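Colleague: Quick one: structure below, then a few questions.
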Amino acid sequence: MSRVFLGQTDELHRRRFIATAAKTLLGVSLLPEIFGRTWAAEATPAARAKRIIYLYMDGGMSHVDTLDPKQGEVAGPTKALKTSADGILLGEYLPRTAKVMHLGTLVRSLTSNQGAHEQGNYFMHTSYQLRGTISHPSLGAWRSYFKGFGNESLPGSVYIGNASRHPGAGFFPPNHAPLFVNNPENGLRDVQRQAGLMADEQARRMKLATDLDASFMKDFGTQRTVAAQTEVYDGAFKMMASRDLEAFDLTREKPALREAYGKSPFGQGCLLARRLTERGVGYVEVGLHGWDTHVNNFVVTPDLCAELDRGLATLLTDLEARGLLQDTLVVLATEFGRSPRINTNLGRDHYPKAFAGALFGGGVKRGFVYGATNATGEEVESSAMTIPDFNATIGWALGLPLEQVVYSPTQRPFRMADKGKPVTAIFA
């Protein structure tokens, strides 16, 4: 596997030179124990998706009430619903999604070893267990690190919602952190010039700041933290001047389409995600919170599903109509499922052992199901997919080099999906 030290890209060139010299002088093509794979030998998949919209159900969405409905006692009052994909059933609370199920793949064999919210959320976003000694990059950070910024005047990733513990950039430079948008209908705050400040005066002030920083930058500008902070500052200034800021203005959409997405923050977040990705933002995550249904699962879940159902189905239909779904991967994920056995509070408890997710567009098979749980939804019966495997599959769709090792500033080696392996069987 190839290796890159974060902030030390010359290491890659050094290793390539040594490997080439070894091949020439020693008559060997590869010395994996010493050099690892050469860059040329790195198995990087062809990208099927240019961008990703990641819909995260925060709190643990019940799989048996949504994507993997069951019969009998564990189902409770939830009934199964036929979909547009032959032989595939969904929970009755997702009628709109049922009509577009032919556009994607259900993964009904997810399994995790993290049964607490913070740990499960972190694991799902990073493929690594939560540690107090290091912060790992999230999926969006890995994408921008390997693929760059699709629109140089906009962030590489955007998070829409109000999560306070998103992993963000991890140990990557801060310019790989997502831009946080709490309320999609409010647009971006504080991105206009101060009232009365003309563009030429602003440019003069920026030049003065640069001149004042010149001696400091000469001495310390190559240091990683200084360079990263400068990039963030320059990026913010560039974004302020960009015409693409209009992507954050949802009033530019037709009222009927805004209504179709649903006026909830999640529904409008899905609309904003579409607007951002079509302008080159490579990763947009939209969070829907409240799935921790230990109590009154069959009261809370239908209301949450109504928001999810409207936003997801309209997003898929909208992307398909614009010709964007083919190279946009839409992911539906959560940190774990809910216990199929109903508790005494008519709720469902944490259940990481078996749960479900979904993938749409981005080259995945349409109207397909991968994996299965048993009749009660308590055990993965076939084709178990771990969280690192799930993330490796997403990375594979994006064309990320899954085997490439990146060294953190503390010289520890990491890969995008840890030891996860992509499940290529779900792609057409």
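Colleague: Could you grab me the full set of residues in the range 142-160 that are of a type outside the set (A, V, I, L, M, F, W, C) and out of contact with any His (no Cβ under 7 Å at 6 or more places or on another chain)?
Modeller: The answer is 143, 147, 148, 150, 151, 152, 153, 155, 157.
Colleague: Can you tell me which condition residue 62 does not meet? The list is (1) of a type in the set (S, T, N, Q); (2) over 30 Å from residue 403 (Cα atoms); (3) at pLDDT below 95, and all the others hold.
Modeller: (3)
Colleague: Oh, and also: In the range 312-337, which residues are of a type in the set (Ser, Thr, Tyr), under 24 Å from residue 93 (Cα atoms) and assigned to a strand (DSSP E or B)?
Modeller: Within the range 312-337, just 334 meets the criteria.
Colleague: I need a count of the residues in the range 328-345 that are touching a residue at least 60 places away in the same chain (Cβ under 8 Å) and surrounded by fewer than 17 Cβ atoms within 10 Å (Cβ to Cβ).
Modeller: The number of residues fulfilling the criteria is 1.
Colleague: Here are 115, 132, 120: which of them is under 20 Å from residue 286 (Cβ atoms) and of a type in the set (Gly, Ala, Ser)?
Modeller: None of the other options fit; the residue is 120.
Colleague: Is it the case, given these coordinates, that residue 417 is closer than 22 Å to residue 277 by Cα and either in contact (Cβ under 8 Å) with a residue 40 or more places away in the chain or in a strand (DSSP E or B) (or both)?
Modeller: When the stated conditions are applied, residue 417 does not pass them.
Colleague: Then there is this: Residue check: is residue 10 surrounded by fewer than 18 Cβ atoms within 10 Å (Cβ to Cβ), within 30 Å of residue 178 (Cα to Cα) and either modelled with pLDDT under 65 or assigned by TED's automatic domain parsing to the domain that holds residue 277 (or both)?
Modeller: Considered against the rule, which asks whether it is surrounded by fewer than 18 Cβ atoms within 10 Å (Cβ to Cβ), within 30 Å of residue 178 (Cα to Cα) and either modelled with pLDDT under 65 or assigned by TED's automatic domain parsing to the domain that holds residue 277 (or both), residue 10 comes out as yes.
Colleague: Also, I was wondering about something else. With the checklist (1) over 22 Å from residue 89 (Cα atoms); (2) surrounded by fewer than 21 Cβ atoms within 10 Å (Cβ to Cβ); (3) not aromatic (Phe, Trp, Tyr) in hand, flag the one item residue 374 doesn't pass.
Modeller: Going through the list (1) over 22 Å from residue 89 (Cα atoms); (2) surrounded by fewer than 21 Cβ atoms within 10 Å (Cβ to Cβ); (3) not aromatic (Phe, Trp, Tyr), residue 374 breaks only (1).
Colleague: Here's another thing I want to ask about it. Can you confirm whether residue 399 is under 29 Å from residue 150 (Cα atoms) and either under 16 Å from the mean Cα position of the chain (by Cα) or not basic (Lys, Arg) (or both)?
Modeller: Against the criterion (under 29 Å from residue 150 (Cα atoms) and either under 16 Å from the mean Cα position of the chain (by Cα) or not basic (Lys, Arg) (or both)), residue 399 qualifies.
Colleague: Would you check which residues across the range 113-140 are of a type in the set (S, T, N, Q) and surrounded by fewer than 22 Cβ atoms within 10 Å (Cβ to Cβ) and list them?
Modeller: Listed by number, the residues that qualify are 113, 114, 119, 129, 133, 135.
Colleague: Follow-up question, since we're still on this one. Identify, please: which residue in the range 62-92 is free of Cβ contacts under 8 Å to residues at least 24 places away in the same chain and assigned to a strand (DSSP E or B) and is, among those, surrounded by the fewest Cβ atoms within 10 Å (Cβ to Cβ)?
Modeller: My answer is 82.
Colleague: Would you confirm, using the coordinates I've provided, whether residue 144 is buried (at least 19 other Cβ atoms within 10 Å of the Cβ), farther than 25 Å from residue 68 by Cβ, among the polar types (S, T, N, Q) and modelled with pLDDT of 95 or more?
Modeller: Yes: the conditions hold for residue 144.
Colleague: Let me ask you something else. Does any residue of the range 367-381 turn out to be closer than 19 Å to residue 143 by Cβ and in a strand (DSSP E or B)?
Modeller: So far as the range 367-381 goes, no, none of its residues is closer than 19 Å to residue 143 by Cβ and in a strand (DSSP E or B).
The values are calculated or read from the model by the stated rules, or taken from the named source; none is laboratory data. Keep in mind that this is a model prediction, so the values were computed, not measured. Every residue, glycine as well, gets a Cβ built from its backbone with ideal geometry; the counts of neighbours run over all protein chains shown.
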